[in-house]
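Bear in mind that the values in this text are calculations on the coordinates, not laboratory data. Since this is a predicted model, take the numbers as computed values, not measurements. Cβ placement follows ideal geometry from the backbone for every residue including glycine, while neighbour counts extend to all protein chains displayed.
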Amino acid sequence: MDEARIDKWLWSSRIFKTRTIAADACKNGRIMVNNVLVKPSRMIKVGDTISVRKPPVTYTFRVLKTIEQRVGAKLLPEIYENITTADQYELLEMNRISGFVDRQRGTGRPTKKDRRQMDAFVGPSLESFGDWDDFDFDED
């Protein structure tokens, strides 16, 4: 086989988890073949350069073999060569280190600090009142 559909190749080479996700990435302009945006049905051949934008990083691969059947992870070096530049991996590492630093205040889940502040504001928990069995709720 000397050609393969780009969406099938992206799925079979384990760059995307499902073929649907790979096709959606093509439709949303995240996949480029030889610096040209492509549709999911685009045929690729050996030697093509594929750029995959998974924010914040753009991965770049050189096609060594065109396949349309999913293969094991051990066979991936035969399928493509990862030619992603080092600065892209530095960008990924910086993003990983920064964590939620860029998170807008009040959006998403509360941080540990936010949680402690909420607990301090609400006051002591009900457990600090003792055993509920000690209270007599009968008004008789």
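Using a Cα-Cα cut-off of under 25 Å, which lysines could be cross-linked to LYS17, ignoring same-chain neighbours fewer than 8 residues away?
LYS8, LYS27, LYS39, LYS45, LYS54, LYS65, LYS74
Could you work out how much longer the chain between ASP2 and ASN82 gets when fully extended? Use 0.36 nm per residue separation minus the Cα distance between them, nm to one decimal.
26.8 nm
Identify the trypsin sites (Lys or Arg not before Pro) of the stretch 1-70 meeting these criteria: DSSP loop state and at most 12 other C-beta atoms within 10 Å of the C-beta.
LYS17, ARG70
Taking the Cα centroid of the stretch 1-17 and of the stretch 25-95, what is the distance between the two, rounded to the nearest whole Å?
Value for the Cα centre distance between the two parts: 10 Å.
Restricted to Cα positions, what overall size does the stretch 2-73 have along the principal axes? Three whole-Å values, descending.
28, 23, 20
Could you please report the charge total around VAL46, scoring K, R as +1 and D, E as -1 over all other residues with beta-carbon less than 10 angstrom from its beta-carbon?
0
Please turn the phi angles of the stretch 23-34 into ³J(HN,Hα) values with the Karplus equation 6.51 cos²θ - 1.76 cosθ + 1.60 (θ = phi - 60°), one per residue in order, whole Hz, x for glycine and proline.
Result, ordered by residue: 5, 5, 4, 5, 5, 8, x, 9, 10, 10, 10, 6 Hz.
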